[in-house]
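So the structure is just underneath, and the comments pick up after that.
Just so it is clear, none of the values below were taken in a lab; they were calculated from the coordinates. On a predicted model such as this, the values are computed, not experimentally measured, just so you know. Glycine also receives a Cβ, built like all others from the backbone with ideal geometry; neighbour counts cover every protein chain displayed.
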Amino acid sequence: MAQPIPLSRHTGAARARHAKAMLLPIPRQTADDLALRAHLALDVLGRGAGSMSDAQTLTQIMLLTGFLAESGFGSATDEQLAEAERAVSAVFDIGRETGKWALDSKGFALFATIATNYDRQLHSAPLWAITDASERLDRFTAGVPYQTPVRKRA
């Protein structure tokens with residue numbers, strides 16, 4: 001005779017813990033590791049020793065910074081993000097043509113501001129905001145609509 005699957009009697013408690021965790025910032029070590037990746041990519045591209053992977057990392061943090069700012073965490077203007085997009089597009093164009101992956105000084109300064117903002121966002125934004133931004137990035141890279149649906153407010 002088949003045994004029934006034991007279900008937790010504390011599903012409400014588990015849901016409550018999960019809901020509470022979503023309101024807290026991510027663990028400091030995780031935030032530090034993610035921010036370090038961004039700063040390392042910026043450093044090697046600034047020195048002209050980067051790779052396509054480093055340019056992709058900067059593109060991701062640019063998008064994540066914008067998504068988190070839209071959710072009310074940190075600041076990023078449309079002009080700043082458009083300028084950053086142009087700068088990283090140039091890195092991709094030149095990198096593919098010449099094999100040299102580098103940011104010019106103006107692009108470096110712009111992405112230094114973005115990386116610093118991203119660092120602050122990772123240390124202060126709640127897990128739900130970071131999760132939403134990450135899911136939007138996944139949808140964006142998959143080529144599907146990535147805008148956050150408008151939520152009804154009570």
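Per-structure values
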quantity: In the range 31-53, the residues that are of a type in the set (Ser, Thr, Tyr) and without any contact (Cβ under 8 Å) to a residue 40 or more places away in the chain; calculated: 53
quantity: Some residue of the range 100-107 being under 15 Å from residue 38 (Cα atoms) and of a type outside the set (A, V, I, L, M, F, W, C); calculated: yes
quantity: All positions within the range 100-121 that are charged (D, E, K, R), part of a helix (DSSP H, G or I) and in contact (Cβ under 8 Å) with a residue 24 or more places away in the chain; calculated: 119, 120
quantity: Candidate set: the range 54-98, residues that are without any contact (Cβ under 8 Å) to a residue 12 or more places away in the chain and hydroxyl-bearing (Ser, Thr, Tyr); chosen: the one farthest from residue 113 (Cα to Cα); calculated: 98
quantity: Answer from 73, 67 - the residue that is in contact with an Asp or Glu (Cβ under 8 Å, 6 or more places away or on another chain) and closer than 25 Å to residue 140 by Cβ; calculated: 67
